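The block underneath contains the structure these notes are about, expressed in structure tokens.
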Amino acid sequence: MNTESSKKNRESPQCFKIAEEDGYSEFWRRDKSPVETLELAKLLVSLRKVVSHVGRNAGTVSWKDTIESEIIIDPNPVLGKYPVPASETDKLVGQAIHLAYKNIEMSDYALKLAKSRLNLSFRYMYKFELYFKTCESVYFDNLSNQTILSVYTEKSRKKKIQDALDVTSHPPSLAELFAIWWDIAAQRREARYLEEYTDTSARRLMGQSSLEKFYKKPIRILNNMVPALIQECPKINGVSERCDFRSKLYLSTWEELFAYIKFWPIDNSDVFLQARKQEAQHLKGIKKSLTLPELIFSEKLGKVVKKEISPIKDILKEQMIDSSAVAVEENHIVLPADNYVNKKLLQDLASVFKAVAVRENIYNRGLTSGSIDRRRLYRAHTSGTIFNIKKNEFNLLNDITLIIDATGSMAATNKWEHTQEIFQTLFLAIEKFNKKASLFAYNEVRDRCLLTELYKKGKFYTIQPHGKTASGEILKTLVQRIKSKNKKPIFIHITDGASNWGCPVQEAINLCKENRVLLLTIGVNCSEENQTLLKSEYGKLVQFAKTADQLPGLLRNLLNRGKRTFSQ
């Protein structure tokens, strides 16, 4: 008996008992697994089935960092416990439904339409994008409220609203305002948008300041467009017509709302709020008794800075310090950048760099098919893995650094957007052949030259063009930061004008030659006067591009000229 029972204990189980859990998906998702890879694959199949019921052109669902598709879902929130709990599955289903409606209703096209009709400064554009995203979320959730899918979008919405409220700063903040309004306008059981906003937050219950004095009027403005989103927009035939209707509706409301929220930060991570904290430290060093304003965009801050700049100049004169010396500082305050990559231009630029790259032969050995590998013939009678595949890889031996001029002259209408199209596309073409390529931009803020890295962990970022141009100082700083000089690094400098601050550019060029750094300069959107000045500064190693299509030919000429100059 003991031997029989021990044999039964050693036998592998044929099935696993999975306990029932709370969640709507528990009623229909029965194909589960305690094994991570199988469970994630089965969950992905379930998400795709649900999305197929949303509508046409919803797109294909895939996990993040796997394959490119129209709907990307991040699996990190559900990793660690398998099978995935039904409550967590509901949130992923709601997220997938939300993104499916975004594709069906062509939300990206609607945003493009709205931006084309909007005359707004760069520093406020990220606020409009958050506003637009929230309006679209309200629209998508109200579309799902007409079906049973609303139970899943409601769970996903509650999770996102809670996450948004967790990072809000001291009121008023845009994240808190839009989270509260989203919760009001997307309710599936009652039309709360018809009522006046009343504060039911923990602050109010604890006897602290009420949020009504901040958010009552803005929420009333936002609630006025909800009936049109629920009743009028879905009845319009044609996706492009609905996009046009929504963009006009959002813009008309934005004009009225902007007067209230113009100076509000988004949350604690707001880039301009972080800049305000740095400015606070700067002002304390100037005058300890200075009282700081409550908001970053306060007019008082501008008046204080104007008053306090003159004593610094007086101190410099007294101490006989050269005011032309410019201190270069690293800046980590960035904004997420829009995707401006030009795919056709990317292919043309990649062919330019491929022509100057070094080809390396790489063999994948021990395969069951391909070319016969003479070194593996002894495996013919055993595993049969006697084949290999030869691949060619192209690598740039030179480390390339892109240096972007983001000073005040770049702030003209559509000029910075055109420059972003050029440097984003150019950088991706370089990165194909050199993974160590880097991308920097420089501008001037408060008499400080800031150097900012615009590409980190596979994402592009951007900054606000501002201030004077200190090209020479930036080039000297980057040359001094070079760790290995054996690879003969290449600097590609993109600018729209000559340097007007700091050391002369010729000093930087001489330093580049001493350290065997090849400096190539591309002028974009340059006037005739600036072209003449740039030619006098950089000589033959400067080319001018009026359009992005001219870039491949100009870059090829620059690389050829640079090689000849470099070899002399």
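Return the total of residues in the range 112-128 being open to solvent by less than 60 Å² (accessible area, probe 1.4 Å) and in contact (Cβ under 8 Å) with a residue 60 or more places away in the chain.
First, the residues of the range 112-128 that are open to solvent by less than 60 Å² (accessible area, probe 1.4 Å): 113-115, 118, 120-122, 124-128.
If we keep only those that are in contact (Cβ under 8 Å) with a residue 60 or more places away in the chain too, we end up with 113-114, 118, 122, 124, 126-128.
Of the residues in that region, 8 qualify.
The test for being at pLDDT 85 or above, more than 20 Å from residue 455 (Cβ to Cβ) and within 22 Å of the chain's Cα centre (by Cα) holds for residue 344.
Test of understanding: among 165, 99, which residue is touching a strand residue (DSSP E or B) at 6+ places or on another chain (Cβ under 6 Å) and either assigned to a helix (DSSP H, G or I) or assigned by the TED database to the domain that holds residue 244 (or both)?
On the way: 165 fails: touching a strand residue (DSSP E or B) at 6+ places or on another chain (Cβ under 6 Å).
Matching residue, one of 165, 99: 99.
If the condition is being farther than 14 Å from residue 491 by Cα and open to solvent by less than 20 Å² (accessible area, probe 1.4 Å), then the range 524-559 contributes 524, 534, 545, 548, 551, 552. Taken over the range 394-446, residues that are at positive phi and in contact (Cβ under 8 Å) with a residue 24 or more places away in the chain amount to 1.
Using the structure shown, decide if residue 136 is of a type outside the set (Lys, Arg) and either outside any helix (DSSP H, G or I) or assigned by the TED database to the domain that holds residue 40 (or both). Explain how you work it out, then say what you get.
Working: of a type outside the set (Lys, Arg): yes; either outside any helix (DSSP H, G or I) or assigned by the TED database to the domain that holds residue 40 (or both): no.
When the stated conditions are applied, residue 136 does not pass them.
Of 543, 531, all but one fail to be at negative phi and in a helix (DSSP H, G or I); the exception is 531. Taken over the range 447-462, the criterion of being in contact with a helix residue (DSSP H, G or I) (Cβ under 7 Å, 6 or more places away or on another chain) and either among the acidic types (Asp, Glu) or in contact (Cβ under 8 Å) with a residue 60 or more places away in the chain (or both) is satisfied by 449, 451, 460, 462. Tell me whether the range 474-491 contains one or more residues that are open to solvent by 20 Å² or more (accessible area, probe 1.4 Å), among the aliphatic types (A, V, I, L, M) and in a loop (DSSP other than H, G, I, E, B). Yes; the residues of the range 474-491 include at least one that is open to solvent by 20 Å² or more (accessible area, probe 1.4 Å), among the aliphatic types (A, V, I, L, M) and in a loop (DSSP other than H, G, I, E, B).
The values are calculated or read from the model by the stated rules, or taken from the named source; none is laboratory data. This structure is a prediction, so every number in the text was calculated from the model and none was measured. When we count neighbours, we look across all protein chains shown, and the Cβ atoms used for this are built from the backbone with ideal geometry, even at glycine. Keep in mind that these areas ignore ligands, DNA and RNA; they rest on the heavy atoms of the full protein, side chains included. Shrake-Rupley method; radii C 1.70, N 1.55, O 1.52, S 1.80 Å.
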